[in-house]
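The values are calculated or read from the model by the stated rules, or taken from the named source; none is laboratory data. Remember, it's a predicted structure, so these values are computed and weren't measured experimentally. Heads up, the Cβs are rebuilt from the backbone with ideal geometry, glycines too, and the neighbour counts pull from every protein chain shown. Heavy atoms of the whole protein, side chains included, go into the accessibility calculation; ligands, DNA and RNA do not. Shrake-Rupley method; radii C 1.70, N 1.55, O 1.52, S 1.80 Å.
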Amino acid sequence: QQLTEQFYDLWKINKELRDYDFKKNLEQKQALCEEAEKLDAEPDVVIAFRKLQELHNKWREIGPVVKELREDLWKRFKEASTVINKKHQGYFEARKEQEKVNEEAKTAICEEMEAIKLDELGTYAKWNDATKQVLALQEKWKTLGFAARKANNELFARFRKACDAFFAEKAAFFKKIKEESAENLAKRISLCEQAEALKDSTDWKKTA
């Protein structure tokens, strides 16, 4: 009789503790459902997705609830999760599509840059016009977003190489022109000095 009473006392305590755990777990999981549902209002879908992963980790750490509520509670949490997951998936699909558009635009800029025939820019005017074109392409490049990482790095290196080649050739051209101008100036000064040396000569025939 005594052992039977002890058994039922322990059984009652165990049931009370289990009921308490069920209640506590229910409250915690309901709170997680509410947090998951609020994530729909988060403007940054990446942040919302990360927070959702944290909520799922917490969910797994919480014990069970009464069997009658278990399925409905999980369904509620799962539905809130589906909303965020779809947003997250849509965000990356849209970003991938935009990256493709950016890649095509950057490729076109590289092609336009490489189409400039440096060997045909033989005058100041032509170099200045080409420089305006290059600067415009650089500004257009800045307005474009990223392409996929690998393609973006390759395209940037390609564009920078073309720009570096252009400005190096331009610098060489203007250096050459400056040197030729200095040489021509020296020749003209020499002619001036020769003419000035003749101005006082009375040997008219030879001087003429």
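How would you rank 23-29, 184-190, highest first, on the average number of other Cβ atoms within 10 Å across their residues?
Highest mean packing first, the order is 23-29, 184-190.
Cut-off 10 angstrom, C-alpha nodes, Gaussian network model of the chain. Which of LEU17, LEU32, LEU121 fluctuates the most?
LEU17
Per residue of region 109-119, in order, report the coupling 6.51 cos²θ - 1.76 cosθ + 1.60 (Karplus, θ = phi - 60°) as ³J(HN,Hα) in whole Hz, putting x for Gly and Pro.
Calculated HN-Hα couplings, in order: 5, 4, 5, 5, 5, 6, 6, 5, 8, 5, 6 Hz.
Convert 37 °C to kelvin, take the viscosity as 0.692 mPa s, use the Kirkwood radius over C-alpha pairs of region 83-208 as Rh, and evaluate the Stokes-Einstein diffusion coefficient in µm²/s, rounded to a whole number.
171 µm²/s
Step through the residues of region 53-61 one at a time and calculate ³J(HN,Hα) from phi using the Karplus curve (6.51 cos²θ - 1.76 cosθ + 1.60, θ = phi - 60°), rounding each to whole Hz and writing x for Gly and Pro.
Listing the rounded values in order: 4, 5, 5, 5, 5, 5, 4, 5, 7 Hz.
Taking the mean number of other Cβ atoms within 10 Å as a proxy for protection, how do you rank 48-54, 148-154, 194-200 from highest to lowest?
So the peptides 48-54, 148-154, 194-200, ranked by packing, come out 48-54, 148-154, 194-200.
In whole Hz and in residue order, list the ³J(HN,Hα) couplings for region 126-137 that follow from phi through the Karplus curve 6.51 cos²θ - 1.76 cosθ + 1.60, θ = phi - 60°; x for Gly and Pro.
5, 5, 5, 5, 5, 5, 4, 5, 5, 4, 5, 5
With a 10 Å cut-off between alpha carbons and a GNM built on the chain, which of PHE77, PHE146, PHE22 moves the most?
Per the Cα network of the chain with a 10 Å cutoff, PHE22 tops the list.
Considering only protein heavy atoms, what per residue accessible area in square angstrom results for the chain with a 1.4 angstrom probe?
77 Å²
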